[in-house]
1. With respect to Asp156, is the statement that it is free of Cβ contacts under 8 Å to residues at least 12 places away in the same chain and either of a type outside the set (A, V, I, L, M, F, W, C) or within 26 Å of Asp76 (Cβ to Cβ) (or both) true?
2. Looking at (1) in contact with a helix residue (DSSP H, G or I) (Cβ under 7 Å, 6 or more places away or on another chain); (2) in a strand (DSSP E or B), find the lone condition where Ser217 falls short.
3. Can you confirm whether the stretch 250-263 contains a residue that is under 13 Å from Leu222 (Cβ atoms) and surrounded by fewer than 19 Cβ atoms within 10 Å (Cβ to Cβ)?
4. Could you tell me which numbered condition Gly100 fails, if it satisfies all but one of (1) at pLDDT 95 or above; (2) of a type outside the set (Val, Ile, Thr); (3) under 22 Å from the mean Cα position of the chain (by Cα); (4) part of a helix (DSSP H, G or I)?
5. Here is a check on your reading of the model: is Ala164 small (Gly, Ala, Ser), in contact with a Phe, Trp or Tyr (Cβ under 9 Å, 6 or more places away or on another chain) and farther than 28 Å from Ala123 by Cα?
6. Pick from the stretch 241-264 the residues that are among the hydrophobic types (A, V, I, L, M, F, W, C) and more than 15 Å from the chain's Cα centre (by Cα): which of them is farthest from Ala205 (Cα to Cα)?
7. When the stretch 284-304 is examined, which residues are found to be more than 20 Å from Asp76 (Cβ to Cβ) and at pLDDT 95 or above?
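The values are calculated or read from the model by the stated rules, or taken from the named source; none is laboratory data. All figures in this text were calculated on a predicted structure; none of them were measured in a lab. For neighbour counting, all protein chains shown are included, and Cβ atoms are generated from backbone atoms with ideal geometry for every residue, glycine included.
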Amino acid sequence: MNEPPPAAGTTAEVVERYPYHACPYARALADRCPQFRIQVDPDPRELEEEDGMEADPFGEESDAAGCYGLKQRFADRVLVMTSDSCFMNCRHCTRKGLLGNAEVVRSDEELSACIDYVKERPAVRDVLLSGGDPLVLPDDEVMRFVRAFGDLEQVDVVRVCTRAPCANPLRVTRDLSQRLGRCGKVWVNTQFNCAAELTPDAVEACLNLVRAGIPVSCQTVLLAGVNDSAEAMLELFRALQRARVRPYYVFQCDPVAGMPHLRVPLERALEIERACAEGIGGLGMPRFVADVPGSTRKVPLCEL
């Protein structure tokens, strides 16, 4: 059973708007890691208004693609919503106010419609399984999605987008990793935001995937009080490399309402990027970018 959110400094109004959830592993990690706790615990500042910040800046609540549970922003890839829950509700999540109302692909008919959508668009070669977190589903359900798209000749990559290696690493079993690896097309995108999150259990989860032949990449989010220094970032990148995880992106907080206290000013972000580039080789240096609504690509911070 999940522990209740801490009472100090929180209000029912915050949790009502942005629900709290943390599995036992995530709660225990938050109790001993202040940087992780910032990502887990509700904060009254989430209710502060910010100019230009919206609940859904990327239009994910709309059915623009015309296919239930599928989102397409870029020509060569689609995102399929496999679940509407996670092992923890990250306070910096792009979908922090949307998941309870998300369109999720559940039935065979809905999945078939997504497959047909991809087949009708030969340019699509990359399918992201997201949500929520795909790994909240049972193994057989995860594999149902993986096989559905992995069996398509046009698809080169099936990305499993999950924070399980960080938030619930015991979920990433050797058996599941081997099943995913047999597909031959699976890549895993995960998220670690500070070095302390790479516990022995987390490292073993990552190694289970790597040993199964699955490339693992990390998409870190730049967060005030968590990793907003070159020292913290370099410590994280080195820990990721030791775990055989590629530091892939560092994202500026998305322009989503409810996270004013977590944003790092652009000038500070650029200083961190420059210092990191001077402190680690190319294998450990991710791209610092922002996801900008309406853009056809991830935008380097130096272009903002």
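1. Against the criterion (free of Cβ contacts under 8 Å to residues at least 12 places away in the same chain and either of a type outside the set (A, V, I, L, M, F, W, C) or within 26 Å of Asp76 (Cβ to Cβ) (or both)), Asp156 does not qualify.
2. Result: Ser217 passes all but (1).
3. Among the residues of the stretch 250-263, not one is under 13 Å from Leu222 (Cβ atoms) and surrounded by fewer than 19 Cβ atoms within 10 Å (Cβ to Cβ), which makes the answer no.
4. The number of the failed condition is (1).
5. yes
6. Top of the filtered list is Ala257.
7. Gly284, Met285, Pro286, Phe288
Okay, residues lined up against (1) modelled with pLDDT of 95 or more; (2) within 20 Å of Asn89 (Cβ to Cβ); (3) of a type outside the set (A, V, I, L, M, F, W, C):
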| site | (1), (2), (3) |
| --- | --- |
| Arg32 | yes, yes, yes |
| Gln35 | yes, yes, yes |
| Pro42 | no, yes, yes |
| Glu46 | no, yes, yes |
| Glu54 | no, yes, yes |
| Glu60 | no, yes, yes |
| Asp63 | no, no, yes |
| Gly66 | no, no, yes |
| Leu70 | yes, no, no |
